[in-house]
Amino acid sequence: MSHILGNSRTPFACVLLAVTSLVVSVPVDAAPIEGREPVIDVADDASPTEPLNPLPIDEGASEMPESLADIQAARAALAQGNIEACHEKLRAAYAKSPNLPPPKLMLARMLLAVGQIGRGRAFLEEEAVAHPNHPDVYLLFGRLALADGHATDAALHFAKAESLPTPKNWNDGQREHHAQACLEGKTQVAERRGDWAEAMKLYQDQVDAHPKDAQLRDRYAMVLFRAGELDRAFEQFDLAYLQDKTMNPPEISMAVMYVRQARYEQADEWFAKAFEKHEDDPAVHFEHSIAMLYQDRTEEAAASAAQAQELGMTSSLLDMHLGLIAMQQGNAAAAERQFQKVLDDSPDNANAMTKLALVLVEQGDDASQSRALKIAEEAGKKSPNSPEVAAVLGWVLYRTGKKEEGENLLRAAATHGSSNPLSLFLLARLLMLEEKSADAQQVAGILREQLDRPGLFVLRPAARKWLESMHRESP
């Protein structure tokens, strides 16, 4: 089943306005399609600076158990924070299997995959000097550029990767993988630019080469929809569903795409068609529930989620979603219960940690606030590049008495290029509590603009209510 699923020398308010204006001016249609993700991420805080999904480091080594053992040992060393031991194991693997990527390139990939973007980029820069003609160096630079929102830079890197000769000791599988990675990179650039005609052409080539790949066909359908080819999009969604029944029914896929474009009347029409044909499918009710929460139609979201449960759906995604519904309803006890349930099954889920910390810190008692701080700090370690996680940590620090540290962290998170309403809402509240009314008014103005834009923000009703009270109390 798939799902819809700062300190500065310039005055702070000016920096904030400049950064967030870049974020909120991006049209909904221009967003890249990142796999078959939900129309709204039930985590409510997806970030482009989260860990990348770099190329696999062990292609070509599948028949070399000794090399794979070294690679696994390298991963284990990195998990323990021992980069030097990780590098040593990768050098050992490379000595046994020279068709592997150079050791520092493998190390850069590993670091990027776990979210250590700065260190990974540093090693990648070293590899660009040591191996300036290795095509995988430029593939990784291209993916980094896309993650940073620099589509033109990414296009240049992917073109360079495609133009370079592949290493002589690569096998056929590695060459095929490289060609496919270059094609995927160019496709993502076209999506990021909103060049749907080019994206359609590139996807058509891929679907022709892999006609049985349902997920690829599903992505092709999404691009067709973005290009306005609605009948063809439905046709491809339908074929993908016929090929893989774990995919969403085509009616749901169409509804999802309309919700993404904030075309809610059309979305409701497609949901009605989905209910008519797939009434007993719990996934249909779950997707509808997410779409309702996306629009702050909380009671409808709760009803559809309950229906999904009655039809037998159980998953951490549903538990997380139920927590978000409770959070929007202001039911702290239920939200805490659901987020804790997610963490019981997935202790490393930073999104659940962040939401639970937010719920706990608002309860006010020492035990809850102490627990909130511990959870928020752990989430910060697991997602060091997420501005939303940083914002929550900043707010928790502030609420637990570490005011200066919390404010600095929240300011940095709110001026991040991928900041969202959560960071702004928390910062505006902090500034008002600190009686920094001028800055608070500036942040509140930007927050008002973002609240009117489509996107999942479960605290939107609370933020609107707070803004109204702020307006009433202002002189």
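The values are calculated or read from the model by the stated rules, or taken from the named source; none is laboratory data. Note that the structure is predicted; figures quoted are calculated from it, not measured. Glycine gets a Cβ as well: all are built from the backbone with ideal geometry, and neighbour counts include every protein chain shown. Just so you know, the surface numbers come from the protein's heavy atoms only, side chains and all, with ligands and any DNA or RNA stripped out. Shrake-Rupley method; radii C 1.70, N 1.55, O 1.52, S 1.80 Å.
Multiply the residue gap between GLN261 and ARG472 by 0.36 nm, knock off their C-alpha separation, and tell me the result in nm, one decimal place.
Extra length from GLN261 to ARG472 when fully extended: 72.6 nm.
If you place +1 on the Cβ of every Lys and Arg, -1 on the Cβ of every Asp and Glu, and leave all else neutral, what size is the dipole of segment 126-281 about its Cα centre, to the nearest 20 Debye?
My answer is approximately 480 debye.
Report, to the nearest whole %, how much of the accessible area of segment 304-370 belongs to carbon and sulfur atoms, 1.4 Å probe, protein only. Mind dumping the intermediate values first?
Details: 1230 of 2780 Å².
The computed percentage sits at 44.
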Carbon and sulfur atoms account, in whole percent of the 1.4 Å probe accessible area of segment 116-223, for 52 percent
Once all protein chains are kept in place, LYS104 shows an accessible area at probe 1.4 Å, nearest 10 Å², of 60 Å²
For LYS355, the aspartates and glutamates lying under 15 Å Cα to Cα, once residues fewer than eight places off in the same chain are dropped, come out as ASP41, ASP44, ASP45, ASP319, GLU336, ASP344, GLU377, GLU378, GLU388
Per-residue accessible area, 1.4 Å probe, largest first, puts GLU235, GLU435 in the order GLU435, GLU235
With the charge dipole of segment 357-417 built from beta-carbon charges (+1 for Lys and Arg, -1 for Asp and Glu) about the Cα centre, the Cα from THR400, GLN363, ALA412 projecting farthest to the positive end belongs to ALA412
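Could the peptides 107-113, 181-187 be put in order, highest first, of the mean number of other beta-carbon atoms found within 10 Å of their residues?
Working: 107-113: 24.1, 181-187: 20.7.
My ranking of the peptides, most packed first, is 107-113, 181-187.
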